[in-house]
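The values are calculated or read from the model by the stated rules, or taken from the named source; none is laboratory data. Since this is a predicted model, take the numbers as computed values, not measurements. Positions of Cβ are backbone-derived with ideal geometry, glycine not excepted, and every protein chain shown enters the neighbour counts. To get the accessible areas, we keep the full protein, side chains included, count just its heavy atoms, and leave off ligands, DNA and RNA. Shrake-Rupley method; radii C 1.70, N 1.55, O 1.52, S 1.80 Å.
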Amino acid sequence: NVPEDQADKLLLASWGLPKAVLDKYHSLGVVQMFEWQAECLMLGQVLEGRNLVYSAPTSAGKTLVAELLILKRVLETRKKALLILPFVSVAKEKKCYLQ
């Protein structure tokens, strides 16, 4: 669980994302994440590029964790990232969404 003193970590605005990115998420109704998602992002040195393996049921929000990790790394390091998705339909949806 996320400690009470870090409850603000549930808010997307707490992760240093640009306003344009936050506005896009907010327009889709995503303002905060689940506790388990914030826990994933706070584990060890995940935000510094260390590996993360996590599992959750279908439609639980796994993609949001990956998106936030990718966005933060790309913005901070100015390097490219490769996002591999399981289906063409999901890839097309994310292409439009991430542009």
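Observations on the structure shown:
- Accessible carbon and sulfur surface of the chain relative to its total accessible area, %, 1.4 Å: 56 percent
- Full-extension gain in nm, LEU85 to TYR54, via 0.36 nm per residue minus C-alpha separation: 9.6 nm
- Probe 1.4 Å, protein heavy atoms only - accessible area per residue of the chain in square angstrom: 72 Å²
- Cα pair distances of the chain binned at 10 Å [whole percent]: 13, 48, 36, 3, 0
- Of the peptides 35-46, 56-67, the ranking by mean beta-carbon count within 10 Å, highest at the top, reads 35-46, 56-67.
- The Cβ shell under 13 Å around PRO86 holds other residues with a net charge of +2, Lys and Arg each +1, Asp and Glu each -1.
- The relative contact order of the chain, computed from alpha carbon pairs under 8 Å that lie at least 6 residues apart in sequence, is 22 percent.
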